[in-house]
Structures are given as structure tokens and as C-alpha cells.
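This report concerns only the one structure given below.
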Amino acid sequence: MQKLALRLGSEQPGHRPVRAMLDMMNPGGWLCDAAAFPGGEIGVIHAPDNHTGPLARTGAGPGLIRLENGDIIAWSGLPLAEGQTIRLSAASGLPALAPRLDGIFAAVGWSAAERKLYVVNDFLGLQPLYTGDDGAGGWIAATETKVFPYTPDPAGWGAFVILGYPIGRASLTAHAERLRPATCLTITAGVPGVGAANRQMEASRYWTMPEEGAEPPPAEAAEALKANTAAYQALTEASVCLLSGGFDSRIILAALYELDVRGRRALVLDHSNLDGDLDGKLARQVAKRTNTPVHYRRPDEDFFSSTAYLDYVRAIDGSTPNLYLFIAQLASTLKGSGAAWEGLVPALALATLQQVGDGGFDAFARQKFNLGTPIAQVFRPAVWRGFVEAFHAEFERTRALYPNTSHGMWQWIVENRMRNRAGVNPTKVYANHAAPLMVGASRRLWETAAPVPFRRRRDHGFYLDVFRALSPRLAQVPFYSGGALHRGDAPWPAYALCRATQNGWRAIAARPRLSRLMQVGRKFGFAPSRFVRHPSLYAEEDDMLDMDAVRRASEDAALRKVIGKQLFHWRAARWIHEDRLFSMLQEA
């Protein structure tokens, strides 16, 4: 895979050259390719073996694309073209090309003849791309926020604490904004050295989500999924399916099975601390039905005190609360996989989540906005009020972009939660180790499935019908998603056994003495993170924190239990941007 950075303008002291930006994003051992143009620079980094990987087969990399006319183009992510190979004769062709591409990608291009920059992202906006100022009068764009100067963004941090992810344009630093999906920026660079006053920027969008309407035949969605899976499969030789007991990874395995893809294999993670690993047991049943070999991986109990965990936090720019998040320890298992099949996209293309009551904005706000959260006491009262006010303003701004209906709320979740919460795992973390194959990232699927009414998205009603159309045999194994068990088309005895297993393990887990006697608990979970007790968290002065509470928490275990995780995430975000995360926490 590949990461990109762009700098335009300022040569003032304090600006960060593109190579320095790329060094900050380098997960270790990646190769750099950079080029200057009048008034700026473009660069990419990529893994040494990317010359034979999926991106190379698309024609979009690795490295920069230098055209004979002097144009420069840089890609990130994995674009999918109908003919599999992307060909451009000029950077000015990016705005016309982007609407014809599927996949998850971002691209920037310099047109020497026009003295213009073109910046585009994919139709779902899942490939991270941030733009903003460099703190020294210049303008930059990059696939990670850590290259931007750090000033805490009140809207971003308010959303981080209240919802668990930034929303809208916000990131955790006020210097970086995330582009909306399907965006095309055209930037006239002007005269080198003149600065921002001579810079013109125009933004447009090339795709919008279809509105709610008549439910499509499930077979159409199934065929769109198969076609998109086949397009990804054509780009890779070695790949692994990240398989769980839920809907999303299973539908990918179903498509691979129906396409008769040879050499398919699955990676299943042990969840023994949750319902007796019901998730893993169902995943193995599905793998057995499809004759798919399984690599079964048990988690490292001390993962959240390890350097590997800090690698994860750094990879996502510290952008979501992730301490004790099970999925955080998946990335290190992907090394050497080549490519990984990822089920994020079908989760919202075919169903929904986080929609409560009537599915609208007001019901969402009533249930999800925890403004009195105890962890807010780590901040000074005036700072926290500013965070809440900025969050509310950004939420109101973003909700106004959609219809005030359940369908509008679904679109808001797609554009905000999918991109900024779950989307950082495949696009920022897995991409450091293997190419993420984001099945479902096709306009055909979304234009087919978007009109599905909320009542059919809720409780996976439409999703199950798509399963029946794609692979009815795999719908006969119960589904385990988000801790909830779904019968699907499973025979009653099989479902009843799963339900009894789930209820039995939960009854044991609710009784500490019995749990210890039967060895249910920490043995199959994660040990408390030593980073939360690290002295560095409590020693550094910060005028946005209530330092009296911070100092008390260093000695008071009860208070530390309340604010320790939030303090860790607050410190980590700053230290990542200032390139000192490991030096502050290397000794846990």
C-alpha cells in the first residue's frame, strides 16, 4: 500500500518538508519517492515489495507517477477501474476519472501546464485524506493527521469523548480537516512565494447517496457484492479473510466460495472472554462448510502494555478511544498476508447500526450524547464546556446536510461513524501490513442498496435476504454480531444450543467467585494496561486539564479508574503529533 503527502506554499522557517512528513507516517522500512514542482512538493511512501502488490497491478503505483508532460500524480489506497489498469495522460484528468472508479483511494496531481493541483478521494471517502495549514503559511494534504501541527480541535475532541470519533470536518487537531466523500479540489497555486492570498481553491462533489425508495431485489445486491469481490481478487494472489461469527466477514467468504476462489484462507481470533468464544466457534463452522483452512490466533494478555499497541495508537493518529478494544490487536497478525478481506463496508451498505427508536437524529442524540460523562472531569470546566458547544455546533451543521429522517440519519452514520470510527482500522492500520480489500466499495452496490428502508435495515432483515440469494447454505449457521445472537435460517436445535451456551457463560461471568473457579476472566482477556499508570501521563503540565485531578489520580486508584483511559488518549494524541509517543511511554 502507499501513503501520500503534499505541501504547497510557504518556505518560511517552521514548515515541514514533504520527506519529513513522510518520515512521520513511515511504519518502518518503507521507501520514499518525492518530487518538487513550482511552489511545492508531492511525495509517497510504500512498502518495499509493493512492486508486485495489488496497487502496482492497478497502474496507480508504487511510487509517484511522472508523466512526460511534467505532471506528477500520487495515489493512496486501492482504486478499482473497470479495465483493472488506470491510465492517465495528464493530472487534469483526475476529476473526470474519479467518478468512474470503485474502491477506496485518494489521489493528488500537479498539472505543469495549468499550474494547478487536483485532489480527489473515493466516493465513500473511506481513504483518509486531510487538508489544512502547516502553521507556517503553507497548505498541506496527507493521509494521516500526525504531520499537521497540533492544536486540540474542540469539535473533534468533544465528539471523541461523547461519541468515540470525530465528526464532520473535524479531526483532533484544528489544523487538519477531513475531506467529504466524493470530493474534487482544484487548487490554483499562483506565484511561488506569494503565499495563501494568491491561492485559489474550488471544491465540488461527484457523487451523492441515493435517497430512500423501493426495496431492490436482494439478488441484485448479491450480484454486486460478487462482482466487487471478483474485481479485488483479480489484483491479488495471497490473501486472508478476517473471519468472525458475524454477518460481514461471512458474506465475503460466501462470495469467495461462490466464485470458487482457490487458496482462500481465514484468520479467526479467539474471544474466550466473551460468551465462551461463541464468535470463534461459529466462524469455524462457516469455514468448515466452505472448506476454508483457518489460522486460529489467541490474543496476547499484555497487548495493551506492549510496543505493538503503541504502534496501533500511532497508526490511527490516536483518533478513537481504543484501550482494551479487541480489534486493536489484529494488525500484527496480518504481516506476510499480502492482502486482507475486510467486512466494514457491507455492515452499513446492507444494514445499519447506532440507530435507535424511530431511527432519526433526535432519538440518536437522546441515547448517544452522554454530556455528563465522568471522564470529562479530567478537563478544566471551561475547556469541557467549549468542547461540548463546539461538538453540538458541528453535529447540527452535519445533520443539516441530510434529510431529517431515518434515511438521513443512516447517511450521517455512513459518512461520520463508518469513516472515522471503524474505518481507521483497515485504512490506517491494516494497510501498514497488508492491502485491505474493502469488499462492497462499489457504486453499483450502494446505488442498489441505498434506497432500502430503515425498517428493513434494522435487525438485518434485508441483509439476511441478500445472504439467502448469495449463499443460502451459509445462512443456516447462526450469526453472532456485537454480542447479539441472530438465528438466520439455522435449524432450531442449533440455534437453541448457541443460545444456551451464551446464557450459560454470561451467568458464570456475572458471578466473580464462580468465574474464577472455572477460569473465566482475565486468563482469556486482557491485563490492565501499564500505560495508564505510567508517571508521564500525570507529570506533564497542560493548561487544558484539571491538573489537580490529574495529580490526585496518580495516587488515587479509584479516580485513575475513572479518568485514566481518557488521560491516556489525550496525552497520546499530542505526543503522536509531536513525535514523542514512544519516548514518553517506552518503559511501561
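Each value in this text was obtained by applying a stated rule to the coordinates, not by laboratory testing. Owing to the predicted nature of the structure, the values given are computational and were not obtained by experimental measurement. When we count neighbours, we look across all protein chains shown, and the Cβ atoms used for this are built from the backbone with ideal geometry, even at glycine.
Counting other beta carbons within 10 Å of each Cβ, put Lys116, Lys288, Lys428 in order, fewest first. Don't jump to the answer; show the numbers that get you there.
Values: Lys116 17, Lys288 11, Lys428 24.
Fewest-to-most ranking of Lys116, Lys288, Lys428: Lys288, Lys116, Lys428.
What number in nm² do you get for the range 211-337 if you take the convex hull of its Cα atoms and divide its surface by four?
Across all orientations, the range 211-337 yields a mean hull projection of 10.4 nm².
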* Report the label-to-label distance for Tyr296 and Asn370 in nanometres (one decimal), using points 7 Å from each Cα along the Cα→Cβ vector. => 3.4 nm
* Once you have the alpha carbon radius of gyration of the range 268-361, what is it after dividing by 2.2 N^0.38 Å, with N set to its residue count? -> 1.29
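Taking 10 °C and 1.306 mPa s as the conditions, I'd like the Stokes-Einstein D for the range 548-588 in µm²/s, using the Kirkwood hydrodynamic radius from alpha carbon pairs. Before the final figure, lay out the partial values.
Numbers: Rh = 10.9 Å.
Here the translational diffusion coefficient equals 145 µm²/s.
Over every pair of different alpha-carbon atoms in the range 372-430, take the mean of 1/r and invert it; report that Kirkwood radius in Å.
Every distinct Cα pair counted, the radius reaches 13.6 Å.
I'd like to compare 383-390, 160-167, 85-92: which one has the highest average count of other Cβ atoms within 10 Å, and what's the full order after that? Could the numbers behind the result be given before it?
Working: 383-390: 18.2, 160-167: 22.9, 85-92: 16.2.
Those peptides, ordered most packed to least, come out 160-167, 383-390, 85-92.
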* To do: Please list 320-326, 135-141 highest first by mean number of surrounding beta-carbon atoms within 10 Å per residue.
  => 135-141, 320-326
* Structure fact -> Excluding residues fewer than 8 positions from Lys288 in its own chain, the lysines with Cα under 22 Å of it are Lys226
* Sorted by Cβ density within 10 Å, fewest first, the residues Val119, Val345 -> Val119, Val345
* Asked: Along each of its three principal axes, how wide is the spread of alpha-carbon positions in the range 402-539, in whole angstrom units, largest first?
  -> 52, 50, 36
* Plugging the Kirkwood radius over Cα pairs into Stokes-Einstein for the range 201-266, at a temperature of 10 °C and a viscosity of 1.306 mPa s, what D comes out in µm²/s? -> 111 µm²/s
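Can you sort Arg7, Arg473, Arg468 from fewest to most other Cβ atoms within 10 Å of each residue's own Cβ?
Ordered from fewest to most neighbouring Cβ atoms within 10 Å, Arg7, Arg473, Arg468 come out as Arg473, Arg468, Arg7.
Quick one: plug the Kirkwood hydrodynamic radius of the range 287-441 (C-alpha pairs) into Stokes-Einstein at 37 °C, 0.692 mPa s, and report D in µm²/s. Don't skip to the answer; put the middle values down first.
Details: Rh = 18.2 Å.
Diffusion coefficient, whole number: 180 µm²/s.
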* Ratio of the range 1-151's C-alpha Rg to 2.2 N^0.38 Å, to two decimals? -> 0.98
* Between their Cα atoms, which of Lys335/Lys428; Lys146/Lys368; Lys146/Lys565; Lys281/Lys368 are more than 23 Å away from each other? -> Lys146/Lys368; Lys281/Lys368
* To do: Please work out the Cα convex hull volume for the range 410-458 and give it in Å³ per residue.
  => 85 Å³
* To do: Give the residues of the range 400-420 whose amide nitrogen is closer than 19 Å to a point set 7 Å from the Cα of Asp358 in the direction of its Cβ.
  => 400-413
* To do: Please tell me the relative contact order of the chain in percent, rounded to the nearest whole number, where contacts are Cα pairs under 8 Å and at least six residues apart.
  => 16 percent
* Asked: Give or take rounding to whole Å, what are the principal axis extents of the alpha carbon atoms in the range 97-162, in descending order?
  -> 42, 31, 15
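Please sort through the DSSP H helices of the chain and keep those with an alpha-carbon extent of at least 15 Å along the long axis and a Kyte-Doolittle average not below 0.5. Numbers along the way, then the final one.
Details: long enough: 218-233 (23 Å, -0.32); 248-258 (16 Å, 0.60); 278-289 (17 Å, -0.73); 381-399 (27 Å, -0.45); 492-509 (25 Å, -0.11); 557-577 (30 Å, -0.12).
Once both thresholds are applied, what remains is 248-258.
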* Can you give the direction-averaged projected area of the convex hull of the alpha-carbon atoms in the range 275-327, in nm²? -> 5.0 nm²
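Cα-Cα pairs above 43 Å in the chain: how many percent? Display every interim value, and only then the final one.
Values: 30866 of 172578 pairs.
Across the chain, Cα pairs with separations above 43 Å total 18 percent.
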* **Helix-only mean residue ellipticity at 222 nm for the chain, each DSSP H run of n ≥ 4 adding -39500 (n - 2.57), per residue, nearest 500** => -10000 deg cm²/dmol
